[in-house]
Amino acid sequence: MPRDLSIQSVLIVGSGPIIIGQACEFDYSGSQAARSLREEGIHVTLINSNPATIMTDPMMADKVYLLPLTVESIEQILEENKIDAVLPTMGGQTALNLCKEADELGIWEKYQVKMIGVDVAAIDTAEDREKFRKLMYDIGIAVAPSHVANSFLEGKDFAQQIGFPLVIRPSFTLGGTGGSFVHSKEELDEALQRGLQASPIHEVLVEKAVLGWKEFELELLRDQNDNVVIICTVENLDPMGIHTGDSITVAPAMTLSDTSFQDMRNKAMLMMRSLGNFAGGCNVQFAQNPETEELIAVEINPRVSRSSALASKATGYPIAKIAAKLAIGYSLDELKNQITKTTSAYFEPALDYVIVKMPRWNFDKFKGANTTLGLQMKSVGEVMAIGRCFNEAIQKACQSLENEAVGLGYYGKSLMKSEELIEYIKTPKWDRIFRIKDALMQGVSVKTIVQATGIDRWFIYQIQDICQIEKELAQYQLESIPEELLIRAKKNGFSDEQITRIIPGNSTDDEVYAKRKSLGILRSYKMVDTCSAEFEAKTPYFYSTFE
């Protein structure tokens, strides 16, 4: 079905001020959507209260309103402009909440504006914890034992029934705001009060905590013909208990068995199809018991998410751009020439490389802040690295953090003994991945680290391989490094500066570079082409690797 010609003007709602946990990720999506709609000759009006965004650049939309994200602002825009439809899915939770509030006040109906990309029932079901739990029960997908509480006493009563540890999740918030883990009854009162205050509808979900389970996210797109594609499956290196925005994440998923992967795909599609009759993007999160492979649904977001921006860059598939076109009536199979020159948008990307996303924190700017990571997001940004293997990608990511790390190592900085390191890595902190590497360098076993952190042993084995290469490098001076070892080091993401610090002697980065250049060990450039070179892509970019 071609696009809905009744839609000639669209209002895009932004995500508001830069707050930790929102804003810049959704700026990327909003900018993509504005360009995508204008390609179709649609007049785009945009509202955002944050001038420090790309989406508010005059080049992005036909008309930009720098106004507070309130119903009054929305009504002002609708009075001044003829708006046919509103697209709330590009502005994170802020935009969804605002558009839901406008709907409840009858604003959209009054001005004859249709909501596209999502419907109010879907927002309600996804964000109201009790409705979400009931939907999952109806479609046969397991969730953690939980109860929705609208009062302090109700929450306390259920908490005492299910026991500890448990998690408090406020309804209608973003970035884990107001959420917390409760390990004892002494912590319960404060956590409940904080959660109820954070929720705009004074509602929390009191849920059994599945701490230590593995966490996965899937990015989906659906059109009005109910075609669904899964664009990306992202695995959190960190187990459940850390907000996904604070987790190191890896794409594609690395440690899933094929049966689990297919089960997760089928359940994600079922969840999206059962959420309502809308066309657009969706993000689904699952937790998996590492012992039994039991799968439970954590949440579903009927919008492009923080992870959508990552998935778009990771796969070369422009999620927000396609989601905007689906919202105005196109079906996936009709969208030609958007990604490849020969196929429609109705395909699932295949990756022949590994993506690692690492968050960045600025705790040094927030004196006295609690640096332990948990349910509430604390990172102020993230880096994304691409490699032919996990080791290369994670070392590249570490090199990009702007915190003096040269790969997965703070050379000469860790003075902790192995017993102290084992104790330290039990608590999730921003530098845990570096301390895990320190522990492996000191001979701590993979099994001990897995028990201390809950991180899947596959990832720990990969870091152990990095440690092994480092130990081998330390045995040679620059002149005597075997060619095979130097190639292996570069393929595993070791930078020239890193090798300089590891090998004995007073070599410089330039000398290491000259040495490998003389051996013909040079960068090659590979394409992020969304379909592993099966078809030629139009929207790719390149990454460097040693191959």
Check 172, 164 and return the single one that is at positive phi, in a loop (DSSP other than H, G, I, E, B) and in contact (Cβ under 8 Å) with a residue 12 or more places away in the chain. 172
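For the stretch 42-140, which helices (runs of 4 or more DSSP H) that fit wholly inside it have 2 or more residues that are out of contact with any Lys or Arg (no Cβ under 6 Å at 6 or more places or on another chain) and within 24 Å of residue 222 (Cα to Cα)?
Values: elements: 71-80, 92-104, 107-110, 120-127, 129-138.
It comes to 92-104, 120-127, 129-138.
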Within the stretch 345-361, track down each residue that is surrounded by fewer than 19 Cβ atoms within 10 Å (Cβ to Cβ), in a strand (DSSP E or B) and either touching a helix residue (DSSP H, G or I) at 6+ places or on another chain (Cβ under 7 Å) or among the small types (Gly, Ala, Ser) (or both). 350
Can you spot a residue in the stretch 380-402 that is out of contact with any helix residue (DSSP H, G or I) (no Cβ under 8 Å at 6 or more places or on another chain), in contact (Cβ under 8 Å) with a residue 12 or more places away in the chain, hydroxyl-bearing (Ser, Thr, Tyr) and more than 22 Å from residue 356 (Cβ to Cβ)? no
Within the stretch 184-198, restricting to residues that are touching a residue at least 40 places away in the same chain (Cβ under 8 Å) and either in contact with a Lys or Arg (Cβ under 6 Å, 6 or more places away or on another chain) or aliphatic (A, V, I, L, M) (or both), the one that is farthest from residue 172 (Cα to Cα) is 192
Quick check on my filter: what residues within the stretch 272-297 are of a type in the set (A, V, I, L, M), modelled with pLDDT under 90 and either touching a Ser or Thr at 6+ places or on another chain (Cβ under 7 Å) or part of a strand (DSSP E or B) (or both)? 275
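Residues checked against (1) under 16 Å from the mean Cα position of the chain (by Cα); (2) farther than 25 Å from residue 221 by Cα:
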{"site": "351", "(1), (2)": "no, no"}
{"site": "354", "(1), (2)": "yes, no"}
{"site": "359", "(1), (2)": "yes, yes"}
{"site": "362", "(1), (2)": "no, yes"}
{"site": "377", "(1), (2)": "yes, yes"}
{"site": "385", "(1), (2)": "yes, no"}
{"site": "388", "(1), (2)": "no, yes"}
{"site": "398", "(1), (2)": "no, yes"}
{"site": "421", "(1), (2)": "no, yes"}
Of the numbered conditions (1) surrounded by 19 or more Cβ atoms within 10 Å (Cβ to Cβ); (2) within 25 Å of residue 32 (Cα to Cα); (3) out of contact with any helix residue (DSSP H, G or I) (no Cβ under 8 Å at 6 or more places or on another chain), residue 283 satisfies every one except a single condition; which is it? (3)
Wholly inside the stretch 429-485, helices (runs of 4 or more DSSP H) that include 2 or more residues that are surrounded by fewer than 16 Cβ atoms within 10 Å (Cβ to Cβ) and either more than 27 Å from the chain's Cα centre (by Cα) or without any contact (Cβ under 8 Å) to a residue 60 or more places away in the chain (or both) are 446-453, 457-473
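The values are calculated or read from the model by the stated rules, or taken from the named source; none is laboratory data. Predicted, not measured: the structure shown is a model, and the values here were computed from it. Backbone-built Cβ (ideal geometry, glycine too); neighbour counts: all protein chains shown.
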